[in-house]
1. Considering region 23-40 alone, what residues qualify as being out of contact with any helix residue (DSSP H, G or I) (no Cβ under 6 Å at 6 or more places or on another chain) and either part of a helix (DSSP H, G or I) or surrounded by 14 or more Cβ atoms within 10 Å (Cβ to Cβ) (or both)?
2. Which of (1) more than 22 Å from residue 90 (Cβ to Cβ); (2) exposed (fewer than 14 other Cβ atoms within 10 Å of the Cβ) does residue 59 not meet, given it meets every other one?
3. Pick from region 1-21 the residues that are without any contact (Cβ under 8 Å) to a residue 60 or more places away in the chain and assigned to a loop (DSSP other than H, G, I, E, B): which of them is farthest from the chain's Cα centre (by Cα)?
4. So which of 88, 82 ends up being free of Cβ contacts under 8 Å to residues at least 12 places away in the same chain, part of a helix (DSSP H, G or I) and within 21 Å of residue 25 (Cα to Cα)?
């Protein structure tokens with residue numbers, strides 16, 4: 001069982017792990033031992049996550065969200081399979097915790113008088129610069 005918060009925990013049946021050989025340096029160890037971990041969490045089918053959290057999780061996961069609604073996290077940082085399992089579970093926990101917090105609504109504010117004047121002044125200067133680029137009248 002993976003504890004996300006006081007109210008949300010993920011059951012073991014929702015998680016599946018597969019182990020593969022890690023890429024990168026590591027000498028003979030890389031060719032012999034399957035240390036890389038691919039953690040798969042069936043997020044769309046999870047009864048423990050509310051709907052809005054699933055929606056935010058999908059947006060946060062990005063490419064890690066599969067077509068069938070699973071989040072896949074791959075960890076191959078260390079040469080230890082056990083440590084890579086911990087890292088993958090930590091990443092999943094962090095991702096779900098980020099999805100738990102709803103984004104704050106933006107409160108629309110009116111522009112200040114100073115900012116309006118600065119914008120109009122900048123527009124006027126820009127217009128003058130563009131006006132100077134025009135054809136020159138030979139009679140002047």
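1. Across region 23-40, the qualifying residues are 26, 28, 29, 30, 31, 32, 33, 36, 38, 40.
2. Here residue 59 clears every test but (1).
3. Only one residue fits best here, namely 21.
4. Within the list 88, 82, the selection yields 82.
All of the numbers you see were taken from the coordinates with simple rules; none came from a lab. Predicted, not measured: the structure shown is a model, and the values here were computed from it. Positions of Cβ are backbone-derived with ideal geometry, glycine not excepted, and every protein chain shown enters the neighbour counts.
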